[in-house]
Amino acid sequence: MRLSKNLKLTLAVTALFAIAAPAAAQTAAKKGPAATQASKPTMAQGVQALRDGDNKLALSIFERLGNQGNAEAQFFLAGRHLIGAGTPEDKVTAAYWYRKSAEQGYVNAQLVLAALYAEGSGVPQSFADAAIWYRRAAEQGNAEAKYKLGRIYEEGLGLQTDLDVAVNWYTEAANQGYAKAQEALGFAYFEGDGVKKDEKAAAEWFRKAADQGLAGSQTMMGDLHQKGSGVSKDLTLAVSWYIKAAEQDHPVAQSALGFLYSYGLGVPTNYDLAFKWYQRAADQGDRAAQSGLARLYADGQGVKQNFALAAEWYRKAADQGDILGQVGLAYLYEHGLGVKRNEVSAATLYRLAGEKGHMKAQARLGAMYFIGLNGPPDHAAAALWFQKAADQAYVPAQVMVGAMYQGGMGVPLDKALGASWYRKAAEQGDATAQRLIGSLHANGDGVPKDLVTAYMWLSLSEAGGDQDATKWKNYVARNMTPAQIAEGLRLAREWLKK
C-alpha cells in the first residue's frame, strides 16, 4: 500500500491535546469566572484559563484536578508539559500524565501516548507499546486509532506484518468515515494487499477520501480516470481531480497537470500552464516534473528556450534515477547543448536508462558503440544494445539488428535472421525497412526470391516517402509481367487496409 511506505507515525500535538473539553464544561466555562486560589477549581475554569491565555493558571488547575485523579485534567496537564505552556517543556513528565489519563480509559490520552511510543518521545521508542495503546483506543471505537493500528500491522512495526489484520482495521475506520483509512483501503484494493485486487472497489474508497479533501486520493482519482482503471476513462474528469489536488500543492498531481497541458490531453494544449504546474512540482522535488520542465526549456515551450536550464533540471531528475531525466541529459551531452559535449557522459546516462529498459536509450547507446565511443567501433556491444531495443519492437533498432545480421557485424552472419528483423520493422510501417525487405526478395538474399512480394514492399516504401524505393521498384518491374505488377499493387493495397 503506497501510502504507508516509510511509515512515520507523527505526533499531532496541537490537534491531540487541544481537543475541546466536553460541552458541559465549555458551557460552565462561559458562565463562571476563572478559578481563584480560594475557590475549588473545575475543568471548566481550566478551559477558560486556556481561552484567556493564562497558561500558569490553567496549569495549576489541571495539576490540582489531575492529582485528584481527573483523567481529563491529566490529559490537559500532559499537554501543557508537552509543549512547555506555563511550565518548561518536559516530554517525560508529559508521558507520565498521559499514561495516568490513558490508564483510566481516556481515549485522547491513549492516542497521544501511543504516538509518543511510536516516536520515542518522552518514553523509549516501542512500536509494540504503541500498538497496545492504539488498540485500547481502537477498542473504544476511535477511528484514528484503528487507522494507526492498521498501519502498524501493515509495516510490521513491533508486531508481525499482517496485511489481513491491517485491512480489517482500515475497513472499520473507513466505515466510520475516517478519510486516511479510506485512502489506505483504496490502495489495499488497488494493489491487492490483504484483499483481492479490485480496481472498482479501490476507486470507490479513493472517491470517499477524495470527497473529504485528501489530496492523495484526489490524485489517484485523476490517475484512475486518466487510465480508465475501475472507473470510466475520462480525461476531463482526470484533470478536474488533479486540479483539486494540485491546488493543495500535491506534487504528483501538479506534475500530471503539467503533462496533460503540454500534450493537450483532456484540456487544450497550453504550454504556459504546463510550465506553471511543472515548475511548482519540480520545486518540491518531483522528478517527473523536473524532467517535464527540462523538456519545456529544451523545446522553448511556455518559456524561452534555454538548454543550460534544461540540463540543470534534467540533472536534478537524473540524480533521482528518473529515466527521462537520464535520457534527456544524455542527449544534451551527446550534442553539446547547454553543457560541454561529452560522449562518455552521454553513454553513461544512456546506459543507466537502458539498463532500466528504456528502448530509445538502448538504441542510442548501440549507435554510439556502432560509430565508435572514444575509439574504434565496437560492433559486438552495438549489436547487444540494438538487440535489447529491438526486442521491445523499437523500429530503428530492428532495422539495425537486421543490418548487422545481414552483414555479420558484431554477430554471426545470418541473412535469414537479418531479413526477419527487417520484416518486423516493415510490418510496423517503417518505409526504410520495407525497402530493405523488398530488395532482399528481389534478389533472393536470405529470403525466397519473389518479385511480386518485392514489388509490394517497395510500393509501400515508396508510398511511405522512401526516395530510394522508387529506383528499386522500377528495377524490379523491368523483370515482371503486367499481371505480376498488378498483383504486387493489389497486395500493397490489401496491406494498407490492415
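Sort through 465, 444, 429, 408 and tell me the only one that's free of Cβ contacts under 8 Å to residues at least 12 places away in the same chain and over 18 Å from residue 369 (Cα atoms).
Values: 465 fails: free of Cβ contacts under 8 Å to residues at least 12 places away in the same chain; 429 fails: free of Cβ contacts under 8 Å to residues at least 12 places away in the same chain; 408 fails: over 18 Å from residue 369 (Cα atoms).
Answer to the selection: 444.
Considering the stretch 329-368 alone, what residues qualify as being closer than 19 Å to residue 401 by Cα and buried (at least 21 other Cβ atoms within 10 Å of the Cβ)? Walk me through it before giving the result.
Filtering the stretch 329-368 down to residues closer than 19 Å to residue 401 by Cα leaves 350-351, 354-355, 357-368.
Residues satisfying the conditions are 350, 354, 358, 361, 362, 363, 364, 365, 366, 368.
What's the number of the condition residue 254 fails, among (1) within 28 Å of residue 192 (Cα to Cα); (2) surrounded by fewer than 18 Cβ atoms within 10 Å (Cβ to Cβ); (3) not hydroxyl-bearing (Ser, Thr, Tyr)?
Tallying (1) within 28 Å of residue 192 (Cα to Cα); (2) surrounded by fewer than 18 Cβ atoms within 10 Å (Cβ to Cβ); (3) not hydroxyl-bearing (Ser, Thr, Tyr), residue 254 fails exactly one: (2).
For the stretch 129-239, give me every one of the helices (runs of 4 or more DSSP H) that falls completely inside it and has 2 or more residues that are among the basic types (Lys, Arg), within 24 Å of residue 117 (Cα to Cα) and more than 20 Å from the chain's Cα centre (by Cα).
143-155
Taking the stretch 67-85 as the region of interest, how many residues are small (Gly, Ala, Ser), modelled with pLDDT of 95 or more and more than 40 Å from the chain's Cα centre (by Cα)?
So the count comes out to 3.
Out of the stretch 355-411, which residues are under 33 Å from the mean Cα position of the chain (by Cα) and in a loop (DSSP other than H, G, I, E, B)?
356, 357, 358, 391, 392, 393, 394
Condition test on residue 285, is it of a type outside the set (Asp, Glu), in contact (Cβ under 8 Å) with a residue 24 or more places away in the chain and at positive phi?
On the way: of a type outside the set (Asp, Glu): yes; in contact (Cβ under 8 Å) with a residue 24 or more places away in the chain: yes; at positive phi: yes.
For residue 285, the condition - of a type outside the set (Asp, Glu), in contact (Cβ under 8 Å) with a residue 24 or more places away in the chain and at positive phi - is met.
Name the one entry in 455, 475 that is aromatic (Phe, Trp, Tyr) and either within 30 Å of residue 358 (Cβ to Cβ) or buried (at least 16 other Cβ atoms within 10 Å of the Cβ) (or both).
Values: 475 fails: either within 30 Å of residue 358 (Cβ to Cβ) or buried (at least 16 other Cβ atoms within 10 Å of the Cβ) (or both).
The match here is 455.
The values are calculated or read from the model by the stated rules, or taken from the named source; none is laboratory data. Computed from a predicted model, the values in this text were never measured in an experiment. Here the Cβ is made from the backbone with ideal geometry for all residues, glycine too, and neighbour counts use every protein chain on show.
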